[in-house]
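Contents: one structure, followed by commentary.
Each reported figure results from applying straightforward, stated rules to the coordinates on display, with no laboratory input. Here the structure is a predicted model, which is why all the values come from computation and not from measurement. Cβ coordinates were reconstructed from backbone atoms using ideal geometry, including for glycine residues, and neighbour counts include every protein chain displayed.
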Amino acid sequence: MDIIQSYGMVLIIMAAVVGFVMAWGIGANDVANAMGTSVGSKALTIKQAIFIAMIFEFAGAYLAGGEVTSTIRKGIIDSAYFIDIPEYLVLGMISALFAAGIWLAVASYLGWPVSTTHSIIGAIVGFTAVGVSVDAVAWGKVGGIVGSWIVTPAISGVIAYLIFMSAHKLIFATETPFANARRYVPIYMGFAGFVMALVTIKKGLKHVGLELSSTSGYVVAIGIGVLIALIGKWLINRQHYSHSANVETQRANVEKVFALLMIVTACCMAFAHGSNDVANAIGPLAAVVSVVSSGGEIASSAKLAPWVLPLGGFGIVAGLALFGHRVIATIGEGITHLTPSRGFAAEMAAACTVVIASGTGLPISTTQTLVGAVLGVGLARGVSALNLGIVRNIAISWIVTLPAGALLSIICFFFLKAVFGV
């Protein structure tokens, strides 16, 4: 308790610095979830993708990141064990942020798409289990996370496969691709509008006090989906094409339609990601600020200081600008060859899985969801369409993330304990 009173401002500054490092790691690694497929399919250049993502990620983090955040991310540890030793929670959260941020920087440099959520959870579990008590960890939730390594990529992979194969059979494998696109693309656009509206409602708006009931959310999403389908039908009917154009030319023109559609879905995913995953950086930071400001009292949630959300937003943008291209290249180009229609199938599958997870409470990593979706699209063309070496490296990086975050956090925690003489 003495170190909180004696070094309160120092601890807050340290937490702010490592919180920025963590947000930087989120930007460097996780933003590929929104933009990787757009770059891989050549719908956007890498510079365009980074510029668009910077705008929508920051907007999501700053506008919809929330005024109040949970101080113990995902309820993974029991705060009751820290009531008599709040300084351990403060030092532990600083250690966790630093550890997760360092691991994300390493993974991003290597081009590995890992889970930022699992990185911070592994780090929090590490210092708690070794430095406080094994019983303080909700091991059941940790087990659920390990199970999600298989479940969420499988769900999104199956959905991506179905979306891609439906577009292939209904449009691309026909003798009149453009005529069929006029018939079916508005349906895909309406479906995309519906799902993206749900993702935004469930993952973004709830943070700004505009949380809708499930029924209201679905009604609004259906309305948006129908409206976009009608607009899409009007726009595509205005497009003129030559009946004498060969099939390949028609397919190329249809791909351009999917490219535009995918850019819109990528923007929505970037906004939703910024609003949701910024909590991985600001949650532990909020815990430190809350405990220090209250003189050692541990609350289940904390009202954010005005500077916390901008710090998280700028951190995400900085990481994206400097290192984001590496993981974007892995997801967009390394796993399998993507076209706009394939990229759209993967993006939509990831969004659908996010909605399913929100409704069922399934632990989810947006990174693993999108990777699973890209694998599903690749498998639709056969195993030979996949770069199995890249897939192997990604799988290993997922397995390593939890223990890597935990080990780095433990080292940092005991170092800080020695420095502050706790």
* To do: Please arrange Glu87, Glu333 by counting, for each residue, the other beta carbons lying within 10 Å of its beta carbon, fewest first.
  => Glu333, Glu87
* To do: Please turn the phi angles of segment 216-226 into ³J(HN,Hα) values with the Karplus equation 6.51 cos²θ - 1.76 cosθ + 1.60 (θ = phi - 60°), one per residue in order, whole Hz, x for glycine and proline.
  => 4, x, 5, 4, 4, 5, 4, x, 5, x, 5
* Structure fact -> With +1 at each Lys and Arg Cβ and -1 at each Asp and Glu Cβ, the charge dipole magnitude of the chain around its Cα centre, to the nearest 20 debye, comes out at 1340
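What number, rounded to the nearest 500 deg cm²/dmol, is the helix-based mean residue ellipticity at 222 nm of the chain, given -39500 (n - 2.57) per DSSP H run of at least four residues and division by all its residues?
When only DSSP H runs of four or more count, the value is -26000 deg cm²/dmol.
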* Asked: In terms of modelled amide H atoms, which long-range or inter-chain residues lie less than 5 Å from the amide H of Ile77?
  -> Ala138
* To do: Compute the distance in nm between two label points, each set 7 Å from the Cα along the Cα-to-Cβ direction, one at Phe51 and one at Ile396.
  => 3.8
* Structure fact -> Rounded to a whole number, the Stokes-Einstein D of segment 2-420 in µm²/s (Kirkwood radius over Cα pairs; 10 °C; 1.306 mPa s) is 73
* What are the residues whose amide H is under 5 Å from the amide H of Ser301, where those residues sit 5 or more places off or on another chain and H is modelled from the backbone? -> Thr71
* Using 0.36 nm per residue, how much length does the chain from Trp234 to Ala154 gain when fully extended, once their Cα-Cα distance is taken away? -> 25.2 nm
* Structure fact -> Taking only the alpha-carbon atoms of segment 318-393, the convex hull volume per residue, in cubic angstrom, is 110
* To do: Quick one: how many lysine pairs does the chain have with C-alpha atoms less than 23 Å apart and a gap of 8 or more or different chains? Give me the count, please.
  => 16
* To do: Output the relative contact order of the chain, whole-number percent, from Cα pairs under 8 angstrom with separation of 6+ residues.
  => 40
* Structure fact -> So for segment 37-166, using the alpha carbon gyration tensor with a ≥ b ≥ c as root eigenvalues (a/c under 1.5 gives rounded; past that, a/b versus b/c decides prolate or oblate), I'd call it prolate
* Which of Phe414, Phe20 comes first, and how do the rest follow, when ranked by fewest Cβ neighbours within 10 Å? -> Phe414, Phe20
* Before anything else, pin down the relative contact order of segment 266-422: Cα pairs under 8 Å, at least 6 apart, normalised by residue count, whole percent. => 18
